Each structure stands twice: as C-alpha cells, then as structure tokens.
Amino acid sequence: MAQDLKTRVHDFWQANPCGSKFADAEIGSREFFDAVERHRYRTESHIPAVIDFPRWRDRDVIEVGCGLGTDAINFARHGARYTGVDLTEASIALVEKRFALEGLPAGLRVADAEALPFADESFDLFYSHGVLHHTPDTQRAIDEAHRVLRPGGTAMVMLYHRSSYNYRVNIMTLRRLGVRLLGFDWGPRLVRRLTGEDEARLLELQQAYRRDPRRLLAPDEFLNQNTDGAGNPLARVYTRREATRMFARFREARTEVHFLNKRWIPLVGRFLPQTVERMLASRWGWHLWIVAKK
C-alpha cells in the first residue's frame with residue numbers, strides 16, 4: 001500500500017510540477033523561470049534570509065525535491081556544489097533546462113527521499129522545502145538526511161505547520177464550510193468570486209464532493225485536497241514538538257515559523273501591513289522550518 005501511495009504521489013507531481021501555475025509564460029522558457037522566481041521570493045520573502053545562499057559557497061549541498069529549481073539555481077549562483085533530486089522526471093527535466101539556460105553545473109537525478117542513492121557523510125547541507133510531508137514515510141526521509149550529512153552538517157527542512165492559521169482556520173474551518181456550496185451547480189462560481197480560487201480546481205473538488213462527501217470531508221483527505229491542489233494524494237502537518245522529535249538523532253534542532261499568505265484571510269488580509277503579517281506569521285505561519293545540526 002505504501003508503494004501504491006508513492007506511485008500516486010509521483011503521478012500527481014509529475015503532472016503538476018510544483019509552482020508551475022504561478023507563471024503564464026511557456027513552461028521551460030527563461031521567461032517562465034524568471035516569473036516563477038519573482039513570485040516565490042515576493043510571496044515568501046523570508047526564504048533567502050533563512051537559507052543565506054552565500055553561506056554555502058564551496059560546500060556540498062543536496063536538495064531533496066528540487067521542484068522548478070528556484071532555490072537550486074540560487075545555491076549554484078552563489079557557488080555551492082549543488083546536487084538536486086526529485087521523485088519526478090518532469091521536475092528533473094525542467095531543472096536541467098534551467099541550469100543549461102544559465103550555464104551552471106549541477107548533479108541532477110530522479111531519486112526517492114526515503115532511499116537516497118548517495119554514500120554516508122556526502123554533504124554539508126541537506127535542504128528540502130515543502131517536500132517531506134508528501135512522502136509516505138517522512139521519518140525515514142529525515143533519517144536519510146542524517147545519514148548523508150557529514151558530522152557538523154546542517155539539515156534545513158520545511159514542513160507544513162499544524163498550529164497555523166492556514167490549517168486551523170482556513171482549511172479545517174472556512175474551507176470545510178465553503179465546500180458544501182460546491183454541492184450546487186452555481187457553487188464553484190460563487191466560491192471563486194469570494195476566494196479567487198481557480199475555477200477548474202473548484203470543479204474538481206465539486207466532483208469529489210458529489211461522489212463521496214463523507215470521504216472528502218474526512219480530516220486527512222480534506223487536508224490532502226486543500227494544500228497543493230485537487231487530486232493531491234498525500235499531505236501532512238506537524239507541530240513544533242512533533243517536528244523536533246522527528247529530528248531526535250541530530251545533536252540539536254531548532255524551529256521557526258514563516259509565511260502567512262494574506263489572501264487566505266477574508267476581507268482584511270490584503271490590507272495587513274508587512275510588519276503585522278510577519279509578526280503573525282512567526283506564530284501562526286504555514287511553513288514550519290526545522291534547522292538541525294548533526
């Protein structure tokens with residue numbers, strides 16, 4: 001069953017490379033990658049500060065789940081010896097194209113986070129942003145991070161945050177109320193008007209709701225369908241305590257929380273000053289970062 005689930009995870013991300021919906025340009029073009037990068041660092045402006053790309057110059061970095069290569073290309077631009085793996089062939093092909101456009105070197109390959117094809121103590125940094133909560137055995141992937149890091153190496157991982165506004169209020173309260181509107185023919189149009197959600201995605205949720213409303217509204221399945229798009233087979237959330245416990249093999253681990261997307265807050269969200277947004281995000285943000293030392 002775990003292998004079947006992993007196959008479904010692969011197939012979902014193979015068809016929906018992470019972040020590709022944030023650019024209108026031809027996928028794989030320079031304009032496409034530039035638009036994706038602008039959107040990522042405008043929306044999640046904390047990422048460059050947390051990673052500190054220049055810090056990894058002349059160091060061996062592995063990224064698990066390289067997506068469209070936005071963080072990957074910045075590691076390489078700043079002189080890291082970069083290795084990127086992804087479960088899907090689609091992402092690896094796109095990242096290869098991105099590196100070729102900039103004439104930068106990288107080691108890229110399709111691989112499973114739970115069984116990395118690298119020797120023990122091969123890297124100085126293990127980096128994974130928004131990926132390990134989508135693999136069936138997250139703990140095994142974290143153990144792999146520990147294995148491939150050198151003594152003194154750093155793991156930097158982002159997981160979805162259970163104690164967040166997005167999980168507690170947006171997904172498990174507002175969206176669970178709103179999804180009932182999808183039972184009506186006019187529901188997707190109304191929800192789109194109220195939330196700005198993509199209508200095609202809402203139509204997929206409408207079909208799922210009509211097929212089996214009880215299954216869709218079950219907490220785990222509802223989380224799956226309301227994180228990275230309708231059809232997503234697996235997503236998980238973690239508290240700070242749970243995440244820290246998962247990194248128990250490391251000699252130290254600290255957590256920090258970021259990213260409160262203002263569009264998820266009805267009515268007043270778009271008017272929040274950036275300082276207020278950051279203050280709220282530090283407590284109730286959706287992105288739980290774990291920085292651990294081996």
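The values are calculated or read from the model by the stated rules, or taken from the named source; none is laboratory data. Remember, it's a predicted structure, so these values are computed and weren't measured experimentally. All Cβ positions, glycine included, derive from the backbone under ideal geometry; neighbour counts span all protein chains shown.
Structure above, values below:
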| read-out | value |
| --- | --- |
| Members of the stretch 12-64 found to be of a type in the set (D, E, K, R) and under 19 Å from GLY84 (Cα atoms), listed by number | GLU37, ARG40, ASP52, ARG55, ARG57, ASP58, ARG59, ASP60, GLU63 |
| Output for the stretch 127-138, where each listed residue is in a loop (DSSP other than H, G, I, E, B) and crowded, with 23+ Cβ neighbours inside 10 Å | VAL131, THR135 |
| Filtered residue count, the stretch 18-49, keeping only those that are out of contact with any strand residue (DSSP E or B) (no Cβ under 7 Å at 6 or more places or on another chain) and either in a helix (DSSP H, G or I) or exposed (fewer than 13 other Cβ atoms within 10 Å of the Cβ) (or both) | 22 |
| Among the candidates ASP120, ASP124, residue that is at pLDDT 95 or above, in a strand (DSSP E or B) and either assigned by TED's automatic domain parsing to the domain that holds ASP86 or among the β-branched types (Val, Ile, Thr) (or both) | ASP124 |
| The stretch 194-221, residues that are of a type in the set (Gly, Ala, Ser) and either more than 23 Å from the chain's Cα centre (by Cα) or in a helix (DSSP H, G or I) (or both) | ALA200, ALA208 |
